[in-house]
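Data first, discussion second: the structure below is written as structure tokens.
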Amino acid sequence: MNEMSQIKPPGGAATPVLQVTDLKKHFPIHGGFFGGTTGHVYAVDGVSFDIMKGETLALVGESGCGKSTVGKAILRLFPITGGQVVLDGTRIDDMGAGTLRPMRRRMQVVFQDPFSSLNPRMRVRDILAEPIRNFGLARNARDLEERVALLMDKVRLPRDAVGRWPHEFSGGQRQRIGIARALAADPDLIICDEAVSALDVSVKAQIINLLQDLQQELGLALLFISHDLAIVEHMTHRVAVMYLGKIVEVAPKRELFAAPKHPYTEALLSAVPQPTPGVQRERIILKGDVPSPINPPKGCRFHTRCPYAFDRCRQEEPPLRPVEAGHLAACHLHDRPEAENPLAGAKGAKLLAV
């Protein structure tokens with residue numbers, strides 16, 4: 001079992017709902033006179049994590065780091081290059097389409113855009129009824145109608161709205177419909193791929209609270225893919241930070257926000273607005289651009305932008321390993337004496353009174 005499986009929330013189940021081990025997805029680049037493969041985009045290059053029942057794991061990082069690709073690979077929206085995906089003890093990454101079909105019911109997704117993810121030619125009743133019919137979850141027509149009505153109750157929409165079209169709803173209401181559609185299949189895991197990034201601030205809070213309530217009621221496992229650390233801090237149990245196709249740090253939420261153990265995480269946290277009046281974080285500005293995933297740097301992938309990089313970082317790739325109880329990081333700084341490690345005992349990004 002990988003190192004991340006050692007980190008479990010209090011009272012968590014013994015077996016993870018989702019277990020991802022060394023997941024890789026390399027997209028071929030075609031070109032040349034004969035259209036052959038000239039290289040690869042290393043979108044996801046060795047990602048491992050577990051999610052327990054009733055737990056939310058947030059997957060965060062800059063745009064293009066591979067977060068959404070991880071979610072799509074787990075859902076089997078395309079074949080993976082390497083690694084394993086295990087759902088409740090059953091490996092699914094190598095399953096054929098026929099064998100995989102009943103497993104798909106147990107993992108659903110809520111997409112970023114609440115409008116384009118809904119069929120504009122279907123009424124809400126049909127949108128919610130479709131997964132129920134597909135997986136044979138209703139005994140008869142009456143049972144189907146009751147299930148659709150209960151789904152509307154769960155996402156706090158009026159039952160009589162099932163006869164309306166998607167364009168007749170606001171963005172927040174459409175996202176509630178998307179959540180109801182995910183719940184219709186009675187899943188164990190829901191992947192939220194930037195599920196609130198297209199919504200207004202007040203609506204974001206409502207959707208986040210709804211997801212938390214549903215998780216407590218139904219015991220759902222959530223993979224929450226986001227770049228918004230303020231929202232992640234509010235709703236998640238653990239956080240995994242991605243950079244250029246790899247996870248560089250993973251820890252329980254409180255520990256990660258209080259004392260990050262990777263320079264990239266420290267820089268990300270410095271950009272989160274501080275809610276306390278008169279107090280702001282010392283902003284860490286990273287130099288340079290994110291390297292290309294076609295040709296990632298040798299050694300630590302972050303060394304080209306890291307303010308603390310030294311010779312070893314440019315030559316040797318650091319493994320993701322425990323640096324404190326329940327806290328993993330991929331950084332060579334933790335092999336140095338404490339006096340030479342700027343992240344040793346650090347309390348998040350420094351706060352300044354103004």
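The values are calculated or read from the model by the stated rules, or taken from the named source; none is laboratory data. Note that this is a predicted model, so its numbers are computed, not measured. Neighbour counts run over all protein chains shown; Cβ positions are idealised from the backbone, glycine included. The area values use the complete protein model at the heavy-atom level, side chains included, leaving out ligands, DNA and RNA. Shrake-Rupley method; radii C 1.70, N 1.55, O 1.52, S 1.80 Å.
Odds and ends about this structure:
- Of all residues in the stretch 318-340, those that are farther than 23 Å from Lys298 by Cβ and touching a residue at least 40 places away in the same chain (Cβ under 8 Å) have Cβ atoms under 9 Å from Cβ atoms of residues that are of a type in the set (Asp, Glu) and open to solvent by 10 Å² or more (accessible area, probe 1.4 Å), 6 or more apart or on another chain, in Pro322/Glu3; Glu324/Glu255; Gly326/Glu255; His327/Glu255.
- Applying the criterion of being outside any loop (DSSP other than H, G, I, E, B) and either at positive phi or in contact with a Leu (Cβ under 6 Å, 6 or more places away or on another chain) (or both) to the residues of the stretch 16-30, the residue that is surrounded by the fewest Cβ atoms within 10 Å (Cβ to Cβ) is Asp22.
- Count of the stretch 53-83 residues which are touching a residue at least 60 places away in the same chain (Cβ under 8 Å), touching a Leu at 6+ places or on another chain (Cβ under 9 Å) and over 21 Å from Val248 (Cβ atoms): 2
- For the stretch 131-141, the candidate set comprises residues that are touching a helix residue (DSSP H, G or I) at 6+ places or on another chain (Cβ under 8 Å) and assigned to a helix (DSSP H, G or I); within that set, the residue that is nearest to Ala198 (Cα to Cα) is Pro131.
- Check on Lys253, over 12 Å from Val60 (Cβ atoms) and not aliphatic (A, V, I, L, M): no
- Elements of type strands (runs of 3 or more DSSP E) contained in the stretch 276-329, each with 3 or more residues being modelled with pLDDT of 90 or more and open to solvent by less than 40 Å² (accessible area, probe 1.4 Å): 327-329
- Residue satisfying condition, being buried (at least 21 other Cβ atoms within 10 Å of the Cβ), modelled with pLDDT under 95 and either among the acidic types (Asp, Glu) or more than 27 Å from Thr69 (Cβ to Cβ) (or both), within set Asp200, Asp193: Asp193
- Ile231 meets the conditions (1) more than 29 Å from Val155 (Cα to Cα); (2) in a helix (DSSP H, G or I) in every case but one. The failed one is (1).
- Residues in the stretch 203-225 that are part of a loop (DSSP other than H, G, I, E, B), surrounded by fewer than 21 Cβ atoms within 10 Å (Cβ to Cβ) and either under 14 Å from the mean Cα position of the chain (by Cα) or on the phi < 0 side of the Ramachandran plot (or both): there are none.
- Criterion (farther than 26 Å from Gln19 by Cα, open to solvent by 20 Å² or more (accessible area, probe 1.4 Å) and either in contact with a helix residue (DSSP H, G or I) (Cβ under 6 Å, 6 or more places away or on another chain) or of a type outside the set (Lys, Arg) (or both)) met by exactly one of Asp94, Asp113: Asp113
- For the residues Gly163, Gly172, Gly89, Gly136, the requirement of being on the phi < 0 side of the Ramachandran plot, surrounded by fewer than 17 Cβ atoms within 10 Å (Cβ to Cβ) and not charged (D, E, K, R) singles out Gly163.
- Restricting Leu128, Leu118, Leu77, Leu59 to residues that are part of a loop (DSSP other than H, G, I, E, B) and surrounded by 16 or more Cβ atoms within 10 Å (Cβ to Cβ) narrows the list to Leu118.
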